[in-house]
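Asker: First the structure, then my questions, so here it is.
The values are calculated or read from the model by the stated rules, or taken from the named source; none is laboratory data. Quick caveat, the model's predicted, so the values are computed rather than measured. Using ideal geometry, Cβ is built from the backbone for each residue, glycine included, and neighbour counts are taken over all protein chains shown. Only protein heavy atoms, including side chains, enter the accessible area calculation; ligands, DNA and RNA are left aside. Shrake-Rupley method; radii C 1.70, N 1.55, O 1.52, S 1.80 Å.
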Amino acid sequence: MNLSRLFLDRCRRFAEQPAVTDDSGTLTFEALSNSVHALAGGMQRDLGIRPGERVVIWMTNRRSFIETLFAAWAAGACAVPVNAKLHPRELGHIVGDSRPKALFTTPEGVAEIEAAGAGAIPPTELIAADSARYQALKSGAPIEDSGTGEGDPAWIFYTSGTTGFPKGAVLSHYNLLFMAMTYYADIEHVAPGQTMLHAAPLSHGSGLYMLPHLLAGGHQVVLPHFDAAAVLRAMSAHPAVSMFAVPTMVNRMVQAARALPGWRGRISTLIYGGAPMYVSDLMEAMEVLGTDFYQLYGQGETPMTATGLSRFEHAKAYAERDLAALATTGGPRIGLRIRIVDEAGHDLPEGQAGEIIVRGDSVMQGYWNNPEATAKALRDDWLWTGDIGRLDARGRLELIDRSKDMIISGGSNIYPREVEETLLTHPAVDECSVVGRAHPDMGEEVVAFIVCHDGRHATPEELDRLCLDRLARFKRPRAYRYVESLPKSSYGKILKNALREALRGESQ
Ligand code: AMP
């Protein structure tokens, strides 16, 4: 079963139900299907797109993103969704790597590409959503399903690239279908009329989880970008709203909801992940928004599926103040296996930290055009995630850090996350990030970047005290840098490389 066949079946079944709403209005499943299949016809007829070819989608959130994605599949193509916030030169690299037949963007996207100058983007057909050209593509005979196989590429997911150059994880139709099935099994059942709100980029987690939701008859409400007040307004306007958010967004929603009491329990499921959710923030979030939270741990290489902490587990841990449970990302998702191994691939005992490896039907086919990186990441059907974690007695994963973020000071390993969790318990600390700085004797030493809440301050002495009360002495930061904000990627992940760069060359 490929995704366009499934989409077609579901559109027939839920024909008169609302499928997608954005600033331009609402489309029913029938109207969405007509639009998608007309566009697929134009892709093949006018753009010469053949099965297996790539279509890049570089758009801010809007319904044409969803239209183009399903149209690419109906035409037999593989979609390459790219975050709209990337610089045209970063987009240019992805275009150069994936060599698409066409690039679908917005009118603003076309202007940005033109402003970046000739050569920023390798040559490809450039089409602006909803332009006259886009409409003309929809004017001929529709194509409903080009008969793509379930093992064929559906989505090339370029990794966020907080370091180095992004690699394209190739996800097949079956990988995504399996991801969708784990959504129903582990997260929530979706009934027609239920809403999923998209304020996070559709090119990433929000778009991936749009699939199970839409394919069960759910209504996708698409916001152009994240704005906490707009999210809360949209949540009030629709029944039973689920949403995917990265932790920074959850924290902003909590601050906005604090000013408008009565939010507890109004969200159907708030799915979060993609970056660390610190326990103190999570407790605060559940106090304000309720406990209908689902934490997921995954990566583009096993999209939205590796482990999960369910709504039940959130509610129980909140009621029992079980902070240890909330410090985990939960147990393996249904159908997936998780192991913690040493560098040679030997299993480590419970409680010991090592690399997380994952096996299951959501795991990618490999990296696009990059056999070397594929051979490193996929070994005997196991995906080596590059993340460090340990399992507790219940088989829940405590995700410690990216292996490359680990600090080695005087021969001892320091995982920044545990230092960050500690610093965040200071009431004046809003955000923080801990990195290593080169040190002549110790190899590296710990430096903490601190963002304080407006009008408040945490002194180095207070922060030291907190660390000394909770952590081994050698983990305590040797320096604090107070900053207005932390550098973040377009997906909201803290760019530790930029912080390390800022420290480089500083006198010891
Ligand atoms: P991406 O491929 O862009 O989705 O990034 C995946 C990476 O984000 C993972 O390898 C983890 O390092 C990090 N990540 C994902 N989920 C979580 C989570 N729940 N908590 C902490 N980090 C996470």
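Asker: Can you confirm whether region 285-300 contains a residue that is open to solvent by less than 20 Å² (accessible area, probe 1.4 Å), within 16 Å of the ligand (Cβ to nearest atom) and at positive phi?
Answerer: no
Asker: When the residues of region 224-253 are narrowed to those that are of a type in the set (Ser, Thr, Tyr) and open to solvent by 20 Å² or more (accessible area, probe 1.4 Å), which ends up nearest to the chain's Cα centre (by Cα)? Working first, answer last.
Answerer: To start, the set of residues in region 224-253 that are of a type in the set (Ser, Thr, Tyr) comprises 236, 242, 248.
Now drop any that are not open to solvent by 20 Å² or more (accessible area, probe 1.4 Å), which leaves 236, 248.
Values: 236: 25, 248: 12 Å.
Checking each candidate, the answer is 248.
Asker: When the residues of region 384-397 are filtered to those that are buried (at least 22 other Cβ atoms within 10 Å of the Cβ) and within 10 Å of the ligand (Cβ to nearest atom), which remaining residue is modelled with the lowest pLDDT?
Answerer: 388
Asker: Quickly run through region 171-198 and pick out the residues that are open to solvent by less than 50 Å² (accessible area, probe 1.4 Å), among the hydroxyl-bearing types (Ser, Thr, Tyr) and part of a helix (DSSP H, G or I).
Answerer: Here is the first cut: in region 171-198, the residues open to solvent by less than 50 Å² (accessible area, probe 1.4 Å) are 171-173, 175-180, 182-183, 186-188, 190-191, 193-198.
Filter once more, keeping what is among the hydroxyl-bearing types (Ser, Thr, Tyr): 172, 182-183, 195.
182, 183, listed by residue number.
Asker: Do you know which residues across region 11-37 are more than 15 Å from residue 71 (Cα to Cα) and in contact with a Gly (Cβ under 8 Å, 6 or more places away or on another chain)?
Answerer: 13, 14, 17, 18
This table checks each residue for (1) within 16 Å of the ligand (Cβ to nearest atom); (2) open to solvent by less than 10 Å² (accessible area, probe 1.4 Å).
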site: 268; (1), (2): no, no
site: 276; (1), (2): yes, no
site: 280; (1), (2): yes, no
site: 306; (1), (2): yes, yes
site: 314; (1), (2): yes, yes
site: 334; (1), (2): no, no
site: 344; (1), (2): no, no
site: 362; (1), (2): yes, yes
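Asker: Can I ask one more? Only one of (1) within 14 Å of the ligand (Cβ to nearest atom); (2) modelled with pLDDT of 95 or more fails for residue 242. Which number is that?
Answerer: Residue 242 satisfies all of (1) within 14 Å of the ligand (Cβ to nearest atom); (2) modelled with pLDDT of 95 or more except (1).
Asker: Here is a list of conditions, (1) under 22 Å from the mean Cα position of the chain (by Cα); (2) of a type in the set (D, E, K, R); (3) closer than 21 Å to residue 121 by Cα, and residue 101 meets all of them except one; can you say which number that is?
Answerer: With respect to (1) under 22 Å from the mean Cα position of the chain (by Cα); (2) of a type in the set (D, E, K, R); (3) closer than 21 Å to residue 121 by Cα, residue 101 is out only on (1).
Asker: If you don't mind, another one. Could you figure out which of (1) surrounded by 23 or more Cβ atoms within 10 Å (Cβ to Cβ); (2) farther than 18 Å from residue 81 by Cβ isn't true of residue 168?
Answerer: (2)
Asker: Sticking with this structure for a sec: Return only the number of the condition from (1) over 26 Å from residue 356 (Cα atoms); (2) surrounded by fewer than 19 Cβ atoms within 10 Å (Cβ to Cβ) that residue 429 does not satisfy.
Answerer: (2) is the only condition that residue 429 fails.
Asker: Let me ask you something else. Can you find a residue that is surrounded by fewer than 19 Cβ atoms within 10 Å (Cβ to Cβ), modelled with pLDDT of 95 or more and part of a helix (DSSP H, G or I) anywhere in region 438-460?
Answerer: yes
Asker: Would you say residue 166 is under 18 Å from the mean Cα position of the chain (by Cα), part of a loop (DSSP other than H, G, I, E, B) and either under 29 Å from residue 233 (Cβ atoms) or not assigned by TED's automatic domain parsing to the domain that holds residue 370 (or both)?
Answerer: Details: under 18 Å from the mean Cα position of the chain (by Cα): yes; part of a loop (DSSP other than H, G, I, E, B): yes; either under 29 Å from residue 233 (Cβ atoms) or not assigned by TED's automatic domain parsing to the domain that holds residue 370 (or both): yes.
Yes: the conditions hold for residue 166.
Asker: Which one of the conditions (1) buried (at least 24 other Cβ atoms within 10 Å of the Cβ); (2) modelled with pLDDT under 95 does residue 85 fail to meet, given that it meets all the rest?
Answerer: Single failed check for residue 85: (1).
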